[in-house]
Structure formats: C-alpha cells, structure tokens
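Here you go, one structure.
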Amino acid sequence: MILAVMTRVGLGHTGRPLTLPNYAIASYLLVQLGAVLRVGAAFLSGDAAGFVLAIASVVWASAFAWFAVLYAPILTGPRVDAKSG
C-alpha cells in the first residue's frame, strides 16, 4: 500500500496523469515476491529459513530502491502542467 500511495501521489502532485507507468509495476511485483518468500520461509527450518528470509528482505528493499530510481526524476523535476505551488 505504501508504494501504491507513493506512486499515485508522486504522479498527482507533479501534474502527471494518474495512470501507473508500466515500469512501476515491477516494484509492486517485487514487494509481492518478497512477501511470498517471507511467508514461505516460515515453512523451512534452520539455515534454509534464514537464507530465504535474507533473499526476501533483499527483494523487498529492491522494490523501494526501484521506485526511488524511477521516481527521483519525477519528484525532483518541475510539474509537467507548469502549475506553480
């Protein structure tokens, strides 16, 4: 939900259309994959569980890193509709 709100607000507050760019879908998928791995780790034991948890955390963090890379130009650039304020 955090990514959904950030993508919507990032687009809306910069005067862009409120349609999700195709490249942003990857960040949503990475969050979901991280969640599935996290839940799946509960069914493992020992080192395997720790390894899957580590992978899940990297995947989850990658989703937010991907968002930051893609939205940095949007959030730091001017509004596209040239509205001030």
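For segment 12-28, what are the residues that are surrounded by fewer than 13 Cβ atoms within 10 Å (Cβ to Cβ) and in a loop (DSSP other than H, G, I, E, B)?
Of everything in segment 12-28, those that are surrounded by fewer than 13 Cβ atoms within 10 Å (Cβ to Cβ) and in a loop (DSSP other than H, G, I, E, B) turn out to be 13, 15, 17, 18, 19.
Then there's this: Identify, from the list 58, 39, 9, 31, the residue that is buried (at least 16 other Cβ atoms within 10 Å of the Cβ), modelled with pLDDT of 90 or more and part of a helix (DSSP H, G or I).
When all the criteria are applied, what remains is 31.
The values are calculated or read from the model by the stated rules, or taken from the named source; none is laboratory data. As the structure is a computational prediction, the values presented were derived from the model and not from experiment. Backbone-built Cβ (ideal geometry, glycine too); neighbour counts: all protein chains shown.
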